[in-house]
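Read the figures in this text as sums done on the coordinates, not as results from a lab. Remember, it's a predicted structure, so these values are computed and weren't measured experimentally. Counting neighbours? That spans all protein chains shown, and the Cβs are built from the backbone with ideal geometry, glycine included.
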Ligand code: S3P
C-alpha cells in the first residue's frame, strides 16, 4: 500500500499550491477536495453554502474523506475545515500521512483578507479580520490534534513542498 499524503490547515496556508508541487515532485496524482466537490456539485463552494447551508457542505466533505481514504498514493489538499471534525481526521490518518500547514494570522490576512469566495469569512458585524482570528482560535484545538505541522509563514510554496517531500519520504517506509 502506498500511503496518501494529506495537506490540511487553515484557509490561505497554501494547501493546494503546495500539494500540487508535492505531487509533481513525487510523480503522484493530486486531488483537491474543494475542486472535486465543486465539480461534482456543478457550482462553487460559496453557492453550496448559500443554497444548502454549511451542514450540507460538511456532509459532502465527510463522504469525500471516506472515499479518498479508500484510495492510495494520492496527494490530497483538504478544505480548511475538513479535518476539524475528528472522525474525518481519523479516517484520513488511516490512509496516510497528514500534515497541517500553519501560518500567522497577519500573513493569512494579507493572503485571504480580500477573498470573496470563502463563505467562512463572510462579513459579520465584527468585521473580517476579527472573524478570521476568532475562527483560527476556535479551530486551534482541532488543528492541535494533528501530529505533524509545518509553519509556512516564512516559506515559499517551493520551500514548503521540498520540506514535505523530505518529511514524507522519511516516514513512508514506516507507515
Ligand atoms: C473552509 C475552507 C475552504 C472551503 C470552504 C470552507 C473552512 O477551503 O473548504 O470554504 O471551513 O475553513 P480552503 O481552506 O481551501 O480555502
Problem - Angle between the chain longest axis and helix 128-144 axis [Cα atoms, degrees, rounded to 10] - result: 40
Fill in the blank from the handout: Out of 41, 51, 159, a Gaussian network model of the chain with alpha-carbon springs under 10 Å gives the largest mean-square fluctuation to 51
Handout entry: On Cα atoms only, tilt of 54-69 relative to the major axis of the chain in degrees
Key = 0
Practice task
Could you work out how far the C-alpha centroid of region 153-175 sits from that of region 76-95, in angstrom?
Solution key: 18
Exercise for the section: Compute log10 of I(q)/I(0) for the chain with the Debye formula, placing one identical point scatterer on every Cα and leaving out solvent, at q = 0.15 Å⁻¹, to two decimals. Expected result: -0.84
Exercise for the section: Give the order of 115, 16 when sorted by the count of other beta carbons within 10 angstrom, beginning with the fewest. Expected result: 115, 16
Exercise for the section: Could you sort 68-76, 54-62 so that the peptide with the highest average Cβ count within 10 Å comes first and the rest follow in order? Expected result: 68-76, 54-62
Completion exercise
Contact order relative to length for the chain, counting C-alpha pairs under 8 Å separated by 6 or more residues, stands in percent at 35
Handout entry: Cα radius of gyration and Dmax for region 4-91 (Å)
Key = 12.6, 38
Practice task
Given the options 50, 106, 24, state which has the largest fluctuation in a GNM of the chain using a 10 Å cut-off (strictly under) for Cα springs.
Solution key: 50
Problem - 20 °C / 1.002 mPa s Stokes-Einstein diffusion coefficient of region 76-128, Kirkwood radius on C-alpha pairs, µm²/s - result: 162
